[in-house]
Structures are given as structure tokens and as C-alpha cells.
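To start, the structure under review is shown below, and the notes come after it.
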Amino acid sequence: MQAFQFENAATRIRFGSGSLVHLREEVARLGITRAIVLTTPQQISLADRAEELLGEMSVTRFTQATMHTPVTVTQAALAQAREAGVDGIVSLGGGSTIGLGKAIALRTGLPQITVPTTYAGSEMTPILGETDAGRKVTQRQPVIQPRAVIYDVDLTLSLPLAASVTSGINAIAHAVEALYAVDANPVTSLLAEEGIRSFAQALPRLHTDPKDRSAREQALYGAWLCGTCLGQVGMALHHKLCHTLGGTFDLPHAETHSIVLPHAIAYNAVAGDAMGRIARALGTDQPPALGMFALCRQLGAPAALRDLGMPEAGIAQAADLAAANPYPNPRPIERDPLMALLRRAWAGSPPLPEET
Ligand code: NAD
């Protein structure tokens, strides 16, 4: 066994159907007496429920959380929080709402409790990506990590199927890259394999019936595991590519992940132990890149970057950008093989693991 480092993040988890009813108890446990409730305009009814449960412990709400955590939105929420004299943050929603809570925590040091309603996994990480004047800056700091998480399966039943699929594949991508991360360790590898397995089993069931509570449970369990992996170890080629593509061509986050992932797995076929674990977790006899591609097709996820609006002329630009300042990766990140990868991802062709 190779030498490794492992740090436990002190996040309390409460998992289960109907667990939102414990919100008041969990908020009190953190010593919060005057909370700000955060969500998106689409999830106002969730803020209503939270306020009902919190009673006098909720003193103000901000329901304008937005994708990519723009600093202007954070400043508006922060001003409201200061005006109300809050001493804690309650974030209910997906990665956008949780990002806003993290941005407030970063600037105030206030404790956060999160109630995730997608599978993105941000609730389990000390990572925050903020946009300011069109530029995204990502940082990792302990103060950003939420202190408690309530995973209430019931709140995920309303997540539309397409968003469930792409959000789930986005989560799988965190676990895949954790398996071949430069700082991978035996514990995150166990979590990663189980996280991929959970989604590989849950997503096809959700595809058949999006209201299947037991499948939703399995998916949310996977979200916890995959989010934990993202919070513990560094990411590699796949994330570098997705950030480059998203930032340069304004492509949607989760959809881009679901197109690139099989190709990133193919590129990194040299990472033998990780590949074995991914194939085992997917339950496939094929090379894992093809197994992942087949799962994505079965789930009806988008297959081609061109369908998201990426111009063909952008392939070379993306390869240049991704090859510059590359993340650590099991196989060197080089322009020519990246061009080949991006051409296939752009056109929606299957990955070619046998070429690597
Ligand atoms: P999101 O939070 O942007 O939500 C997308 C939409 O779905 C919103 O309109 C939201 O109101 C709605 N929604 C959420 N849950 C719902 C539900 N259960 N039912 C019905 N509608 C629901 O989407 P996301 O994919 O969770 O988050 C994406 C953002 O999170 C990106 O900005 C990404 O960069 C960030 N992210 C950050 C980290 C991190 O560790 N910092 C990790 C993963 C993702």
C-alpha cells in the first residue's frame, strides 16, 4: 500500500425520508438562533416549509440564489444578513443555493446547515467557485465547508428526470476522478466505488420511474459519497476539460460533464486499478469508458458537445486551453490526444479506449 494522507471533515449528516422535520433541532445543535434561509426563485415553497419549521429561529430569507455564485448576488444577500443580525445560514436547494451559503460563510465565518435537493455534492466540500465580472475563481478553505447536512429523499422527488440524470453523472465524475487522483487514498477509493455503484443502479431505475422513492434514496446516498470524494481529493483531466469548455463556450455544467466523462475515462485507461473499480461499480464487462458511454445513452443524457452549442472551431481552442496549466493526471495531458478526444465528444461518437 502506498503512503497516503487523510483528513476527516467534521460534517454532521442526517439522512432519510422526511428528515427535514429535524431542521430546527439541527440548527439549534449548531448554536444558531437567528438564521437566514436561502434558496432559488424556483424553490420558494421549500423556504416556506423551512421557515415554518424554524419559527422564530428564522429571521430573514433570500431567494435569489443563482448559478455560478455571482459576487453581486452574494453582496445583496450579505447586506440582508447583516441588516437582520443573523448568526447562521440555512441553504435549501442545489449547488447554486449551497454556493451562495458558502460565499456568505466565507465572508462572515457563520456556520451553515445545508439541505441539498440535487446530486451535485457541493454540501460535502470546502470548495467555492465564484464569478466576478465574468471570471470564475475557485478556492478551497475549511470555513467554506458546511457543518451539517440534511439529506431528505422526499425533497428530490420533484427533481426533473433530465436534471436527475445529468446531476447524477456529474456526481459519478467526482468519484471517477477521485479513484485516480494524485492524492487518492484507500478510504476515498472505497467511497468512490460505492458512490458510482449507487448511481449506476439508481439512475436506470429513476429513468423508468422518476418518483421511485427507493431509487431516489440510493441516488441521494450516492450523492453523499461522491460529494465526499470531491471534498477530500483533487480532480484531474475531466474537471479541467469541463471547466475549460463551460467557461469558454458558456456550456451548461452538468450536461457538459455527462458528455465528457466517458471520453475522460478512456483517456485515463492507463490508471489500471481505478479502471477495474469503475468497471466493477458499473457492473460492465466492457472497458469502463464504453460501459459509462452505454449508461449515458441508456439514460438519454446528451451525447455531443455540438448539441450544447459548442462551435467546431472551438475544439482546437479548448485543447490548447486544457493543455495549458494542466491538473495532475494519470496520463500526461497533451494537445494532440486531447484534440482527438474533443472531436469525438463534440460529434457524440463513442470513446476509443483501445487507442490509449
Ligand atoms: P442548481 O442548484 O443550479 O439547480 C438547478 C435548478 O434546479 C434550479 O432552478 C433549482 O431551483 C432547481 N432544483 C434544485 N433542486 C430541485 C428539486 N429537487 N426539484 C425541483 N427543482 C429543483 O443545480 P446543481 O447542479 O445542484 O448545482 C450546480 C452548481 O453547483 C454549479 O454552479 C456548480 O459549479 C456548483 N457545484 C459546486 C460544487 C462545489 O463543491 N463547490 C460541487 C458541485 C457543483
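What to note about this one:
- Meeting the requirement of 3 or more residues that are more than 16 Å from the ligand (Cβ to nearest atom) and under 16 Å from G348 (Cα atoms), the helices (runs of 4 or more DSSP H) wholly within the range 234-290 are 253-267.
- Given (1) away from the ligand (no atom under 13 Å from the Cβ); (2) among the β-branched types (V, I, T); (3) out of contact with any helix residue (DSSP H, G or I) (no Cβ under 9 Å at 6 or more places or on another chain), index of the condition I36 fails: (3)
- Unique match (being part of a helix (DSSP H, G or I) and touching a residue at least 12 places away in the same chain (Cβ under 8 Å)) among I44, I32, I13, I36: I44
- Residues considered: L110, L78. Of these, the only one that is more than 13 Å from the ligand (Cβ to nearest atom) and in a loop (DSSP other than H, G, I, E, B) is L110.
- Single residue of R140, R135, R61, R82 found to be on the phi < 0 side of the Ramachandran plot, under 18 Å from the mean Cα position of the chain (by Cα) and charged (D, E, K, R): R140
- Search result, residues across the range 93-137 that are under 21 Å from H174 (Cβ atoms) and free of Cβ contacts under 8 Å to residues at least 24 places away in the same chain: V137
- Residue match in the range 88-105 (condition: within 13 Å of the ligand (Cβ to nearest atom), farther than 22 Å from G247 by Cα and of a type in the set (V, I, T)): no
- Evaluation of A301 against (1) assigned to a helix (DSSP H, G or I); (2) within 27 Å of A162 (Cβ to Cβ); (3) small (G, A, S) (one fails), failing number: (1)
- Note on the range 145-165: residues that are of a type in the set (G, A, S), near the ligand (Cβ under 10 Å from one of its atoms) and over 13 Å from Q43 (Cα atoms) total 2.
- Of all residues in the range 113-149, those that are under 16 Å from A50 (Cβ atoms) and either assigned to a helix (DSSP H, G or I) or among the hydroxyl-bearing types (S, T, Y) (or both) total 3.
- Candidates are the residues of the range 208-233 that are surrounded by fewer than 18 Cβ atoms within 10 Å (Cβ to Cβ) and away from the ligand (no atom under 15 Å from the Cβ); the one that is nearest to the chain's Cα centre (by Cα) is S214.
- Unmet requirement for G283, which otherwise passes all of (1) farther than 24 Å from A120 by Cα; (2) at pLDDT 95 or above; (3) surrounded by fewer than 15 Cβ atoms within 10 Å (Cβ to Cβ): (1)
- Filtered residue count, the range 113-136, keeping only those that are surrounded by fewer than 16 Cβ atoms within 10 Å (Cβ to Cβ) and within 12 Å of the ligand (Cβ to nearest atom): 1
The values are calculated or read from the model by the stated rules, or taken from the named source; none is laboratory data. This structure is a prediction, so every number in the text was calculated from the model and none was measured. So basically every Cβ, Gly included, is an ideal-geometry build from the backbone, and we count neighbours across all protein chains shown.
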